[in-house]
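Remarks on the structure that follows.
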Amino acid sequence: MSDLPFAVILGTVQDGGYPHIGCACASCSAAVADPQRRRRVASLGLVVRGGMAIIDATPDLSAQIRSLAEIAGRPVNQPPAAVLITHLHAGHILGLPLLGREGWASTGTPVWATEACLEFLERHEPFAGLFRHGHLVGRALTLGWDTALEELAIQPIPVHHRSEFGDTVAYRIEAGRSIFYAPDLDGITVDVVEQIRSADVAIIDGTFFRKKELRRDDASSVPHPAIADTMSAVAQLDTKIVFTHLNHTNPTLDPESREKKAVEALGMRIAQEGELIPLA
């Protein structure tokens with residue numbers, strides 16, 4: 001186990017999973033045939049002296065919490081010290097009901113989110129009942145202000161993304177070293193580049209390698225930045241760049257693809273589950 005505190009990558013793909021729900025493409029079929037190619041939905045775990053926290057409650061929350069406990073050497077029945085929410089799209093909150101009476105039946109698990117996101121969760125079922133019955137307790141975050149998780153300083157940073165019901169944040173996580181975690185972005189803006197520049201490690205939206213790979217009529221309504229474009233925007237930075245939240249169409253999911261090798265040739269990486277990132 002790494003020195004404390006540290007982060008661990010618990011999932012690396014877009015909300016629909018990999019193999020993707022309802023998809024029979026060659027990539028997803030390969031992941032069906034070979035369990036080693038399967039991936040969980042994007043999430044990051046945090047381990048501090050007194051506990052563990054997880055960013056986003058994905059549909060894979062049960063397995064991810066178990067993996068986090070095993071990696072951290074903690075009891076698998078130790079409740080998370082916090083569940084941090086980036087935004088309200090399905091793959092980032094669908095795991096929350098697993099903390100209720102049909103699942104863990106947790107008591108007072110803190111959910112860290114912006115006021116807008118908490119307001120939505122506390123007003124709409126099935127999430128509202130989790131707060132009403134005491135399984136979850138909301139902790140409102142203030143944009144741009146640090147909140148302490150023991151030895152970690154965690155800052156929610158507003159970023160542009162489709163925010164139909166609340167808002168979207170990235171997280172800056174800092175102790176001796178820092179991580180900028182932004183699994184969902186609409187684009188690599190000047191502000192995002194500055195956040196990446198100021199971090200030791202940036203784990204950022206790599207949904208598509210090229211935008212044209214999403215072959216559907218409403219592709220323009222899914223404005224994630226393409227890895228190929230992001231690499232050009234950040235190539236001169238000293239920050240270690242890791243791409244996450246990969247769509248099932250993304251060729252970098254193939255470990256032998258030329259696209260994955262192109263990322264690595266620039267000193268950047270595709271996120272891997274179980275990867276530890278020291279923060280001490």
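Coordinate-derived values only; no laboratory data. Fair warning: this is a prediction, and the values are worked out from it, not measured in the lab. A quick note on method: Cβ atoms are made from the backbone with ideal geometry, for glycine too, and the neighbour counts reach across all protein chains shown.
Quick notes
- Long-range amide H partners of THR147 with built H, under 5 Å: ILE154, GLN155
- Working from Cα pairs under 8 Å separated by at least six residues, relative contact order for the stretch 6-278 is 18 percent.
- Amide H contacts under 5 Å for VAL13, placed H, 5+ residues apart: ARG40, VAL41, ALA42, HIS245, LEU246
- The ratio of the alpha-carbon radius of gyration of the chain to the globular-protein estimate 2.2 N^0.38 Å is 0.95.
- Cβ charges +1 (Lys, Arg) and -1 (Asp, Glu), total dipole of the stretch 6-278, debye: 540 debye
- Isolated Cys residues of the chain, judged by Cβ distance under 4.7 Å to other cysteines: CYS25, CYS117
- Label-point gap, in nm, between GLU164 and ASP229 - each point 7 angstrom along Cα→Cβ: 2.2 nm
- Degrees separating the helix 61-72 axis from the principal Cα axis of the chain, which is the longest one: 90 degrees
- Long-range amide H partners of ALA170 with built H, under 5 Å: ILE157, VAL159
- Applying the Karplus relation 6.51 cos²θ - 1.76 cosθ + 1.60 with θ = phi - 60° to the stretch 82-96 yields 3J(HN,Hα) values of 6, 10, 9, 10, 7, 6, 9, 6, 3, x, 9, 9, 5, x, 4 Hz, where x marks Gly and Pro.
- Projected-area mean, the stretch 1-141, by convex hull of Cα positions, square nanometres: 8.9 nm²
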